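The values are calculated or read from the model by the stated rules, or taken from the named source; none is laboratory data. Source: prediction; values computed, not measured. Glycine gets a Cβ as well: all are built from the backbone with ideal geometry, and neighbour counts include every protein chain shown. Accessible surface areas use protein heavy atoms only, side chains included; no ligands, DNA or RNA. Shrake-Rupley method; radii C 1.70, N 1.55, O 1.52, S 1.80 Å.
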Amino acid sequence: MLNQVTLEVKGMSCGHCVKSVETSVGNLDGVEQVKVYLESGKVDVSYEEDKVTLAKIKDAIDEQGYDVQ
């Protein structure tokens, strides 16, 4: 089943930030789509909950050095 979540992410400030978050989350098995909104600090993620957990998605963002709410 496909889930959609919007996460608040602090610390993103440039195009490199967007690319690193979209790439790290997008590379997770089960993630269908990632869209970063730099201005609002939000990240939309569509994922299959039987393949990847929300915790893993948050960990992937955290590992890039950003604070996930």
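Convex hull volume of the C-alpha atoms in the chain, normalised per residue: 65 Å³. The angle between the Cα long axis of helix 54-63 and the longest principal axis of the Cα atoms of the chain comes to about 30 degrees, rounded to the nearest 10. Computed in the context of the full set of protein chains, the accessible area of the chain at 1.4 Å probe radius has 44% of its extent on carbon or sulfur.
A 1.4 Å probe run over the chain, with the rest of the protein chains in place, finds 61 Å² accessible per residue. Taking the 0 to 90 degree range and rounding to the nearest ten, how far is the long axis of helix 15-26 tilted relative to the main principal axis of the chain, both from C-alpha atoms? Between the helix axis and the principal axis of the chain, the angle is about 10 degrees. Given a Förster distance of 30 Å, report the FRET efficiency between Glu49 and Thr23 from their Cβ-Cβ distance, rounded to the nearest 0.05. Given R0 = 30 Å and the Cβ-Cβ separation, E is 0.90.
Dipole size in debye (nearest 20) for the range 1-41 around its Cα centre, Lys and Arg Cβ +1, Asp and Glu Cβ -1? Mind dumping the intermediate values first?
Working: 3 positive and 5 negative charges, 24 e Å.
That gives the range 1-41 a dipole magnitude of about 120 debye.
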